[in-house]
2 protein chains.
Amino acid sequence: MEIKEIIEKIVSDKKDVGGIKQVYYAACGGSYGAFYPAKTFLETEATEIKVGLYNSNEFVHNTPRAFGENSVLVVASHKGNTPETVKAAEIGKKAGVPVIALTWITDSPIAEHADYVVKYTFGEGKDIAGEKTIKALLTAVEILNQTEGYTHYDTFMDGVAKIDHIVKNACKHVEKRALTFAKNHKDDKVIYTMGSGAGFGAAYMESICIFMEMQWINSASIHSGEFFHGPFEITDAEIPFVLQISEGSTRALDERALRFLNRYAKRVEILDAKDLGLSTIDSSVVDYFNHSLFNNVYPVYNQALAIEREHPLTTRRYMWKVEY
Amino acid sequence: MEIKEIIEKIVSDKKDVGGIKQVYYAACGGSYGAFYPAKTFLETEATEIKVGLYNSNEFVHNTPRAFGENSVLVVASHKGNTPETVKAAEIGKKAGVPVIALTWITDSPIAEHADYVVKYTFGEGKDIAGEKTIKALLTAVEILNQTEGYTHYDTFMDGVAKIDHIVKNACKHVEKRALTFAKNHKDDKVIYTMGSGAGFGAAYMESICIFMEMQWINSASIHSGEFFHGPFEITDAEIPFVLQISEGSTRALDERALRFLNRYAKRVEILDAKDLGLSTIDSSVVDYFNHSLFNNVYPVYNQALAIEREHPLTTRRYMWKVEY
């Protein structure tokens with residue numbers, strides 16, 4: 001079932017009880033980050049629909065009071081077996097809330113507790129428009145369009161049609177830069193990421209899933225607007241930053257951070273969405289595509305960094321190895 | 001005007017246009033962090049009211065479409081002169097949205113663009129119940145109680161009555177530990193904070209306002225539920241953590257992080273809300289008081305750390321010194 005049809009079914013099922021009033025996204029780590037654009041979309045574009053983005057275990061222990069007959073729950077788990085996310089789906093199913101599960105492996109535990117299972121694309125050469133991030137965004141876009149209405153629906157879909165091509169070009173575009181970055185950062189003990197708007201989740205993911213998890217490098221994702229209210233005091237000639245310059249409404253925030261870093265920092269890697277071709281997507285919807293761009297350009301850097309550091313991206317000391 | 005009366009006035013003013021449907025909190029840095037419990041309160045307890053927490057500059061550039069006749073805007077600026085927050089208030093005022101400004105200095109630029117100015121307590125010996133965090137929470141509690149209704153209103157107010165005494169005892173309780181912490185951490189290049197639930201904002205503030213801003217120590221605030229999905233791979237015997245063990249619904253998440261750290265880390269400072277006396281507040285509302293507890297216990301550590309490191313908390317290299 002396509003996401004459009006799934007939402008049509010849910011909207012129809014909820015007609016008699018007052019419709020969809022709350023949409024909850026629950027996931028962990030990288031999947032949590034992938035939900036960030038969907039959450040931001042409904043936060044920004046919806047007038048009445050409440051939206052919440054939760055770490056799955058937070059959702060399980062601190063389930064919002066509104067969760068019930070007017071809710072939709074969207075969960076994501078890459079292999080469909082993240083225990084906290086499976087539990088969140090189970091809570092949804094038991095409460096009679098429609099549960100949409102996004103996963104790469106549809107024959108997995110999460111499917112038992114989901115009303116609708118959506119498989120996303122993953123791996124080498126994947127279609128970016130079919131990825132978890134876009135699938136999640138589509139749940140948000142369809143819900144809004146089929147309830148309150150969404151003026152830019154067709155323009156958004158045009159963006160979806162364009163994103164794969166943009167991302168693949170961008171990945172080629174950064175290949176050389178990524179090698180240089182890897183050489184220059186192979187001995188770093190800390191690397192910060194920075195971003196704003198709907199693309200901030202990509203900075204979060206790079207920070208927690210790559211630098212911390214896969215490379216054991218200390219990191220934090222800093223919001224470019226928050227940077228000037230605390231974090232910027234750690235800036236010096238040595239501390240490295242990866243700065244996402246987004247396209248769309250919050251670009252000014254990222255550019256301001258860049259102006260500061262250009263004066264007081266020396267080691268700044270810039271991912272500029274404009275330079276990377278995102279501007280061919282209409283400005284009314286471009287905000288929501290920054291994540292897919294940045295999140296898919298990072299792996300070019302990550303591969304190079306892992307090789308240069310002789311620390312494969314698959315190396316773990318706790319995950320898959322110990323009980324926790 | 002008391003917050004209760006302010007909200008009564010706004011609810012009455014909005015009667016003819018359909019009432020309050022969206023509540024937005026906008027602030028920067030420490031004030032952003034102080035809004036975290038209020039945002040979490042409405043996210044968790046409200047059924048229909050939408051809530052958003054924004055960095056002020058993000059709000060200015062990416063104002064949600066719903067912002068208008070059914071909205072309330074709450075801003076906070078310590079000295080009332082944070083440019084991005086003043087701008088957010090200005091946007092609110094121009095849009096005819098009631099603006100509540102929380103500040104320590106009421107005779108300040110923010111007052112020009114606010115319909116209601118609320119002074120909060122600050123400094124040595126301050127009444128914790130009069131602080132920014134609680135004032136912000138009260139805007140959320142009053143809005144909910146005066147619209148959808150809030151079952152635990154009286155119990156919440158009982159918590160407000162108790163928090164000052166709890167915090168002041170807790171601060172005495174950690175004095176010796178804080179000195180030991182300072183000695184043990186004076187040479188650290190990175191210190192992580194961790195927490196969950198409505199108290200997470202206190203971890204964020206300690207990380208960005210103290211470690212990064214005031215001590216130039218690298219830091220990130222990690223959600224205890226997210227810890228196991230990436231960040232925990234940086235754990236080793238050397239990396240220091242400050243872990244908030246909250247009271248209330250997400251305590252299990254923090255305790256899980258503690259069990260892991262007890263096995264694989266060696267340098268963990270525990271702030272346990274139960275041990276610090278928070279449990280005298282009723283379990284139905286205790287979640288929302290974790291922030292005030294942790295946020296006020298940290299300064300005991302911060303003072304000790306600043307002295308031990310011979311790096312005063314007032315030292316800056318950029319803030320107040322250069323243009324940005």
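The values are calculated or read from the model by the stated rules, or taken from the named source; none is laboratory data. Remember, predicted model here, so these are calculated numbers, not experimental data. Neighbour counts are summed over all protein chains in view; Cβ atoms, including those assigned to glycine, are modelled from backbone coordinates with ideal geometry.
Things to note:
- Failed criterion for residue B:105 (all others in (1) among the aliphatic types (A, V, I, L, M); (2) buried (at least 19 other Cβ atoms within 10 Å of the Cβ); (3) more than 21 Å from residue B:10 (Cβ to Cβ) hold): (2)
- Among the residues listed as B:59, B:67, the single one being within 30 Å of residue A:71 (Cβ to Cβ), within 12 Å of chain A (Cβ to nearest Cβ), surrounded by fewer than 24 Cβ atoms within 10 Å (Cβ to Cβ) and of a type in the set (Phe, Trp, Tyr): B:67
- Positions within the stretch B:229-271 being charged (D, E, K, R) and surrounded by 17 or more Cβ atoms within 10 Å (Cβ to Cβ), in sequence order: B:233, B:247, B:251, B:254, B:256, B:267, B:269
- Taken over the stretch A:231-249, the criterion of being assigned to a loop (DSSP other than H, G, I, E, B), out of contact with any strand residue (DSSP E or B) (no Cβ under 9 Å at 6 or more places or on another chain) and either aliphatic (A, V, I, L, M) or facing chain B (nearest Cβ under 10 Å) (or both) is satisfied by A:236, A:237, A:248, A:249.
- The condition of being part of a strand (DSSP E or B), modelled with pLDDT of 95 or more and either under 19 Å from residue B:47 (Cα atoms) or touching a strand residue (DSSP E or B) at 6+ places or on another chain (Cβ under 7 Å) (or both) holds for only one of A:111, A:76, A:89, A:66, that being A:76.
- Residue within the stretch A:29-50 that is at the interface with chain B (Cβ under 7 Å from one of its Cβ atoms), farther than 15 Å from residue B:196 by Cβ and part of a strand (DSSP E or B) present: yes
Residue-by-condition table, conditions (1) under 30 Å from residue B:152 (Cα atoms); (2) in contact with a strand residue (DSSP E or B) (Cβ under 9 Å, 6 or more places away or on another chain); (3) within 14 Å of chain A (Cβ to nearest Cβ); (4) of a type in the set (S, T, N, Q):
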{"site": "B:285", "(1), (2), (3), (4)": "yes, no, yes, no"}
{"site": "B:299", "(1), (2), (3), (4)": "no, no, no, no"}
{"site": "B:303", "(1), (2), (3), (4)": "no, no, no, yes"}
{"site": "B:324", "(1), (2), (3), (4)": "no, no, yes, no"}
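- Residues in the stretch B:192-207 include none that are surrounded by fewer than 24 Cβ atoms within 10 Å (Cβ to Cβ), over 17 Å from the mean Cα position of the chain (by Cα) and at pLDDT 95 or above.
- Whichever residue in the stretch B:187-207 is in a loop (DSSP other than H, G, I, E, B) and at the interface with chain A (Cβ under 9 Å from one of its Cβ atoms) and, among such residues, is farthest from residue B:298 (Cα to Cα): B:189
- When A:184, A:145, A:169 are checked against the criterion of being in contact with a Gly (Cβ under 6 Å, 6 or more places away or on another chain), assigned to a helix (DSSP H, G or I) and of a type outside the set (A, V, I, L, M, F, W, C), A:169 stands alone in meeting it.
- Any hit, the stretch A:208-229, residues being more than 10 Å from every other protein chain (Cβ to nearest Cβ), touching a strand residue (DSSP E or B) at 6+ places or on another chain (Cβ under 8 Å) and touching a residue at least 24 places away in the same chain (Cβ under 8 Å): no
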